[in-house]
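Colleague: If you scroll down you'll find the structure; I have some questions about it.
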Amino acid sequence: MRRLLPTLLLASLAACGGGDPAQAGYDALGSGDYEAAATAFTKALSGTQGAQRTDLTLQLCQALAHSDAAACVAKMKELDAATELRVQDYNVVVSELKSARAYVPATDVLKLATAAFPGDEKLVALIQVVGDAAKNAGDDDALNALKGLGYVGND
C-alpha cells in the first residue's frame with residue numbers, strides 16, 4: 001500500500017497537467033473565464049494550420065472580446081486578410097463584442113464583414129442590433145462609426 005499511494009499520486013498529477021489546451025479553452029469559454037480561455041486557445045494555436053487554426057483563432061477572438069477587445073479586432077483583421085471567413089464567423093465575434101459592451105470594436109469587425117459581404121441581410125440586421133445597443137448605452141463614438149455602415153436610428 002505504501003508504494004501504491006505515491007504511484008497513484010503521480011498518475012493523477014500527470015493526468016491534470018497533460019490536458020488538451022483547445023478543450024481547456026472551450027471549457028473556460030463556456031464557463032465565462034475569458035482570460036483562461038484566451039490563454040488556452042493561444043497555447044492551442046501553436047503548431048496548428050488551416051481550418052483548425054482558423055477555428056481556434058475564432059474561439060480566441062470570442063474570449064478576447066471580453067478581456068481585450070482591441071486584440072480581438074486585430075486577430076479578426078489577420079483572419080480577414082488570410083482566410084475566407086463566413087458571415088457566421090463575423091456574426092459570432094460581433095455578438096461577443098456587443099455582449100461585452102465593446103461597441104466600437106464590434107463596429108470595426110462589422111466593417112470587415114460588410115466589406116467581405118456587402119449587402120448581406122444578416123449583417124444589415126446585426127448592424128441594427130449593435131447600433132441599438134450602442135444607442136441605449138449612450139456610446140456616441142460607436143454610433144458615429146456605425147453611420148458609415150447604414151445604421152438608421154442614430155438621429
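Colleague: Which count do you get for residues in the range 112-127 that are in contact with a helix residue (DSSP H, G or I) (Cβ under 9 Å, 6 or more places away or on another chain) and surrounded by fewer than 19 Cβ atoms within 10 Å (Cβ to Cβ)?
Modeller: So the answer is 6.
Colleague: Give me the pairs: first residue in the range 82-102 and part of a helix (DSSP H, G or I) and among the hydroxyl-bearing types (Ser, Thr, Tyr), second residue modelled with pLDDT of 95 or more and buried (at least 22 other Cβ atoms within 10 Å of the Cβ), beta-carbon distance under 8 Å, and six or more apart or on different chains, which are they?
Modeller: From the range 82-102, the pairs are Tyr90/Met76; Tyr90/Val109; Tyr90/Leu110; Tyr90/Ala113; Ser95/Leu126; Ser99/Ala65.
Colleague: Of all residues in the range 61-96, how many are polar (S, T, N, Q) and farther than 20 Å from Lys43 by Cβ?
Modeller: Summing the residues that are polar (S, T, N, Q) and farther than 20 Å from Lys43 by Cβ in the range 61-96 gives 4.
Colleague: If you don't mind, another one. Taking Ala102 as the residue in question, decide whether it is touching a helix residue (DSSP H, G or I) at 6+ places or on another chain (Cβ under 7 Å) and modelled with pLDDT of 95 or more.
Modeller: yes
The values are calculated or read from the model by the stated rules, or taken from the named source; none is laboratory data. Since the model is a prediction, treat every value here as computed from it, not as a measurement. As a convention, Cβ positions derive from the backbone with ideal geometry for all residues, glycine included, and neighbour counts pool all protein chains shown.
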